[in-house]
Amino acid sequence: MTIPKKVLDLVRERAHYRCEYCHYFEFLSTSPLTIDHILPKSIGGTDDINNLALACRRCNERHYNFVLGIDPETQQEVSLFNPRFSQWSDHFLWTVDGTKIIGISAIGRATCDRLDLNDERRNDRFIQRSRSLWKQGGWHPPKDDPSL
C-alpha cells in the first residue's frame, strides 16, 4: 500500500495519534500505527482520505475485510464502527479501571466483539494487562474518553 506521506500525516493528526478503534496512543508503541481502510479495498474501498483510519496493528488485522459484525446482545448483524461517520463516545466507554472498552450501542458491541478490543480471545488478556500498566503511568485511558 502506498499512501503519500502528506495523506498519512493528515490521517495521523486527525486521529490525534491514536488508534481510531481502541484509542491506543501511538507513543506507547515501538512503531508507528498503521493505516486501515474503513471500507476495505478488497470490497471496493479506496485510498480516499475519508476511507482511511489510523489503527493499531491489532485492530487493523482484526478489522481485515469486515464491515459488519454481530451485536452479541441482540444477535443482529450491524455495521462496524466507522470513525468518519460516528463519534467514539457514542458507542464506547471505558470500565472504571480503564482496562476494558464497553460497547454501549449495537455498533459498539459488534465492534468490540469483531475486533476483540479487549483481547478476550486470549487466555492471558494481554491488552488488559497492558492497559492497567498504562493507567498506572497516567497515559491511559485518553482524558476525553468517557468511562463508567
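The values are calculated or read from the model by the stated rules, or taken from the named source; none is laboratory data. Just so you know, these numbers come straight off a predicted model, no measurement behind them. Cβ placement follows ideal geometry from the backbone for every residue including glycine, while neighbour counts extend to all protein chains displayed. Keep in mind that these areas ignore ligands, DNA and RNA; they rest on the heavy atoms of the full protein, side chains included. Shrake-Rupley method; radii C 1.70, N 1.55, O 1.52, S 1.80 Å.
Some points to look at:
- Going through (1) within 20 Å of R14 (Cβ to Cβ); (2) open to solvent by 30 Å² or more (accessible area, probe 1.4 Å) one by one, T111 falls short only on (2).
- Single residue of S42, S79, S29 found to be without any contact (Cβ under 8 Å) to a residue 40 or more places away in the chain, closer than 17 Å to T2 by Cα and of a type in the set (G, A, S): S42
- Condition met for E77 (more than 25 Å from H37 (Cβ to Cβ) and either open to solvent by 20 Å² or more (accessible area, probe 1.4 Å) or within 14 Å of the chain's Cα centre (by Cα) (or both)): no
- Residue in region 93-103 that is among the aromatic types (F, W, Y), at pLDDT 95 or above and farther than 20 Å from F25 by Cβ present: no
Each row is one residue, and each column tells you yes or no for (1) of a type in the set (A, V, I, L, M, F, W, C); (2) within 15 Å of C22 (Cβ to Cβ).
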{"position": "W88", "(1), (2)": "yes, yes"}
{"position": "L93", "(1), (2)": "yes, yes"}
{"position": "K100", "(1), (2)": "no, yes"}
{"position": "Q128", "(1), (2)": "no, yes"}
{"position": "L133", "(1), (2)": "yes, no"}
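- Any chance E61 is surrounded by fewer than 19 Cβ atoms within 10 Å (Cβ to Cβ), under 14 Å from the mean Cα position of the chain (by Cα) and not in a strand (DSSP E or B): yes
- Residue ID - most open to solvent (accessible area, probe 1.4 Å), chosen from residues in region 4-26 that are without any contact (Cβ under 8 Å) to a residue 40 or more places away in the chain and farther than 23 Å from R131 by Cα: K6
- Extreme residue, farthest from L148 (Cα to Cα), among residues of region 85-99 that are part of a loop (DSSP other than H, G, I, E, B) and open to solvent by less than 60 Å² (accessible area, probe 1.4 Å): S86
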